1. At a Förster radius of 25 Å, what calculated FRET efficiency corresponds to the Cβ-Cβ distance of Gln544 and Val454, to the nearest 0.05?
2. Applying the Karplus parametrisation 6.51 cos²θ - 1.76 cosθ + 1.60 with θ = phi - 60° to the phi angles of segment 304-320, what ³J(HN,Hα) value in whole Hz is obtained for each residue in order, glycine and proline being reported as x?
3. Quote the relative contact order of segment 205-363 in percent (integer), defining contacts as alpha-carbon pairs under 8 Å separated by 6+ residues.
4. How big is the chain by the Kirkwood estimate over distinct Cα pairs, in Å?
5. Counting Lys and Arg as +1 and Asp and Glu as -1, each charge on the Cβ, what is the dipole of the chain about the Cα centre in debye, to the nearest 20?
6. What does the net charge come to around Ala262 if you take all other residues with beta carbon closer than 13 Å to its beta carbon, with K and R at +1 and D and E at -1?
7. How large is the charge dipole for segment 217-312, taken about the Cα centre, if only the Cβ atoms of Lys, Arg (+1) and Asp, Glu (-1) carry charge, to the nearest 20 debye?
8. What list of ³J(HN,Hα) couplings, whole Hz, do you get for segment 535-540 from phi and the Karplus terms 6.51, -1.76, 1.60, once you set θ to phi - 60° and write x for glycine and proline?
Amino acid sequence: MVLDTEHGRVPRRPIAANAVRAELERFDHAVRASIADLHAVYAQAKAEMGEETAAIFRVHAVMLADKSLVGPMRAMIEKELVTAEHAVSHQLGLLADRFRASRDSAFKTKANDIDDLSARVLHHLLGAQQSRLIEAPPDTIIFARDLTPSQTAGFDRSRIIGFATDLGGRTSHTAIIARALGIPAVVGCQDLTSAAADGMTAILDGDRGTVILNPTPEQLADYQLQIEQTRNFRLSLADLCKLPAVTVDGTQIEILGNIEFADEVTQVLDAGGEGVGLYRTEFLYLTNPNEPTEEDHYKAYARCVTLAEGRPLTIRTVDLGADKYTQSRVDVPERNPFLGNRSIRYCLRNLPMFKRQLRALLRASALGPIKIMFPLITSLEEYRQAKYHVRDIMDDLAEEGLAFDSQLKIGMMVEVPSAAIMAEAFAREVDFFSIGTNDLVQYTLAVDRTNERVAGLYSHTHPAVLRLIKDVIRKAKRADIPVSCCGESAGDLEFALLLIGFGLRTLSVTSSSIPQLKRLIRSVNISQCERIAKSAIALDSDVQVAALLRERARKIVPEAFDGRTAE
Ligand code: PEP
Ligand code: MG
């Protein structure tokens with residue numbers, strides 16, 4: 001099933017000749033609905049801001065009712081047998097380009113009006129598309145230009161067995177959710193949605209990152225066999241769950257799980273995890289139409305504590321922004337969201353929201369061990385400010401006679417170079433570090449983690465990243481505070497050896513990676529990991545580091561790489 005989205009131009013997709021009438025009806029309906037929207041927006045804007053400001057919406061409504069604008073789109077559907085989405089996007093795109101090319105600045109600004117209109121009509125056409133998901137038959141693979149993390153989280157797993165997107169990178173949150181839910185996915189395929197069509201047979205290989213459209217009978221047979229082998233490999237890992245993650249020479253490695261939803265605690269423990277190293281609480285916002293109340297927060301954390309049965313539980317305060325937007329914020333995009341008002345910055349500027357979460361966290365801390373972690377800390381002042389609010393709420397709760405853990409540990413993600421470089425100073429004030437390589441890589445290398453165009457430059461084996469990680473671990477050890485890694489790279493078997501070689505003893509990964517990681521750890525010596533780390537840090541290119549890790553890891557523990565590793 002191919003889904004279009006509102007962002008960017010919609011690819012050309014053919015329709016059958018006998019579907020033209022229905023397609024024209026869909027188109028007319030979307031135009032009418034858009035005009036109705038515009039009248040409503042006009043009335044509201046007029047009441048709030050006056051006629052002058054509101055007039056633009058009236059103009060938009062008039063434009064959409066104009067035959068000279070609508071005519072070419074209808075004609076395109078009828079004559080060229082294409083979807084309404086493509087006709088709208090193509091025709092209005094041409095018009096906007098024409099305005100944009102004009103020398104007259106008054107005309108140039110009209111391009112934005114046309115883009116607005118296009119987005120509005122597409123929204124109506126595509127809104128209807130989302131409901132198509134409900135009709136997806138069993139064994140459906142979704143192809144989409146892009147998907148939000150919450151759309152992915154909402155997939156009906158009994159029918160949707162995988163997805164591929166044109167946009168995105170391996171550590172974008174849509175990909176992370178796919179991993180958490182165990183849905184095979186391939187992202188960053190660039191123009192796959194123009195090649196795919198509804199009803200096509202396809203092979204989606206999330207391990208290798210490939211999609212085969214209209215496979216041959218030989219390819220199908222080959223993949224059936226591979227599916228069988230993977231299933232057997234997974235079964236062979238199942239027994240490991242109950243065994244400890246100890247290296248051959250007896251060093252204990254703590255393996256924790258990353259979760260997005262409270263109920264995932266069970267999955268982590270079933271997979272052999274010893275607790276939760278990262279709970280991404282922003283998903284409470286992403287999967288709810290309304291802002292969560294203090295009670296919503298409290299219920300989620302209390303559930304985690306109950307399920308964890310006394311095991312470690314690190315809960316991260318909301319990390320909204322960048323590729324994780326709430327419904328209410330999605331309409332006001334920032335120019336550079338990854339460098340914008342996201343994460344702890346957003347919380348510190350929206351204190352009532354932040355405090356609601358902190359109150360719930362502290363109240364839940366009375367039920368069992370919880371640690372609080374702040375995301376995206378870039379300066380000491382920011383950490384101190386965030387911590388000040390925790391203390392403040394402790395005072396409030398004490399006054400109200402409510403219970404909480406006054407010894408609760410407060411730590412931070414190290415995921416920005418400034419934090420990594422200043423690790424020594426931070427280590428004097430925080431209770432623990434967790435290295436977030438997903439963001440640390442993007443900010444160190446200036447590579448957007450969700451941008452498929454630069455996906456090849458996004459590399460956790462870059463020597464600059466290695467140096468920062470090594471340094472943070474060293475500074476934490478020197479200050480005697482716990483340090484872990486909860487980025488996706490901790491679940492990369494070869495990279496995990498390197499992290500252990502740098503002295504890391506706690507890894508937090510998605511639950512599906514836990515069994516393989518455990519098997520790896522149980523087959524190596526710390527001295528072997530240390531030798532890998534020593535060799536890797538001496539290299540000066542990410543390609544060399546990656547090659548070294550691949551070669552050494554396979555030499556030391558070939559059995560850990562028997563099965564197919566996640567890519
Ligand atoms: C990270 O940045 O490495 C991390 C674990 O946080 P997130 O993926 O939620 O940004
Ligand atoms: Mg992060």
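None of the figures in this text is laboratory data; all of them are computed from the coordinates on show. Just so you know, these numbers come straight off a predicted model, no measurement behind them. With ideal geometry, Cβ positions are generated from the backbone for all residues, glycine too; neighbour counts draw on all protein chains shown.
1. 0.75
2. The phi angles translate into 4, 4, 4, 5, 6, 6, x, 7, x, 9, 9, 10, 8, 5, 4, 10, 7 Hz.
3. Over segment 205-363, the number comes to 18 percent.
4. 25.9 Å
5. I would put it at about 900 debye.
6. Computed value for this residue: -1.
7. That gives segment 217-312 a dipole magnitude of about 220 debye.
8. The phi angles translate into 5, 5, 5, 7, 8, 10 Hz.
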